[in-house]
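In what follows, a single structure is set out as C-alpha cells and then discussed.
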Amino acid sequence: MTFEPLLTAPFAIQFHVVTVLPAAVLGAVLLARPKGTPTHRLLGKIWLVLMVTTSASTFFIHGIDTVAGFSPIHLLSVYVIMGSVMAVNAARRRDIRAHRAHVTGMYFGGIVVAGLFTLVPHRVMGAMIFDGTSGFASGLAAAIVSVLLVAAGALAAREAGWAQRVNAMFRRR
C-alpha cells in the first residue's frame, strides 16, 4: 500500500477523500448506535454536512469522462444531495421510517457502492491499495478494505430492515 497516488492527486480528489473517510466511519457509528438521542441528532447533522460536502466535491472530479466531464457515478452525488434534503424533511415530520430509509440508502449508495468503484484499477484508491507493494500485501489490503465495505453494507442493510423484508418474502412462498 502506498499513499503516493493520493498525495499526487489533484486537490479535488484529496478534499473528497478527507471528507468521505470521516463520513464513512461516522455513518457506521450512527447506524450502530441508539437513535433519537441528542448525540445521534448532533452526529447526524455532522454526517449530513460531510456527505453533502463529499458529494459536492465530486463535481470537480472528472476522471471517468462520459458526458461533458461527468460520469454515471456522479448520479450518486445528486442522489446523496437530494436524499439529504429528504432525510432532514422526514426527520422534521417525525417520519422515522422514511428518514431511516433515506439515510441508509445514502450510506449504502454513497459510501459502500461508491467505495467499491474506487477500487477499480487506475483510480486513486485502487492505485493506493494495489500499487507499490508485494502481491501478498496488496491482496491483504484489498481483502481488508473489501471486508470493511461489505460489513458497512451489511450494517446499512440491517438498519434499513432489508434482511427482515427479504426473509419475510421467502417465508410467504
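What follows is calculated from the coordinates using simple rules that are stated; it is not laboratory data. Nothing here was measured: the structure is a model prediction, and the numbers come from that model. When we count neighbours, we look across all protein chains shown, and the Cβ atoms used for this are built from the backbone with ideal geometry, even at glycine.
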Protection proxy ranking, peptides 49-57, 34-42, average beta carbon neighbours within 10 Å, highest first: 49-57, 34-42
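Could you give the length gained by full extension between T39 and H122, i.e. 0.36 nm per residue of separation minus their alpha carbon distance, to one decimal place?
Between T39 and H122, full extension yields an extra 25.9 nm.
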Residues listed by number, region 79-117, amide nitrogen under 20 Å from A12 label point at 7 Å toward C-beta: 79-82, 110-111, 114-117
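In what sequence do L75, L116, L31 fall when counting other Cβ within 10 Å, fewest first? Mind dumping the intermediate values first?
Details: L75 11, L116 14, L31 21.
Ranking L75, L116, L31 by Cβ neighbours within 10 Å, fewest first, gives L75, L116, L31.
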Gain on full stretching of the segment that runs from A56 to M82 - 0.36 nm per residue minus C-alpha separation: 8.2 nm
Rg and Dmax of region 67-129, Cα atoms only, in Å: 14.5, 44
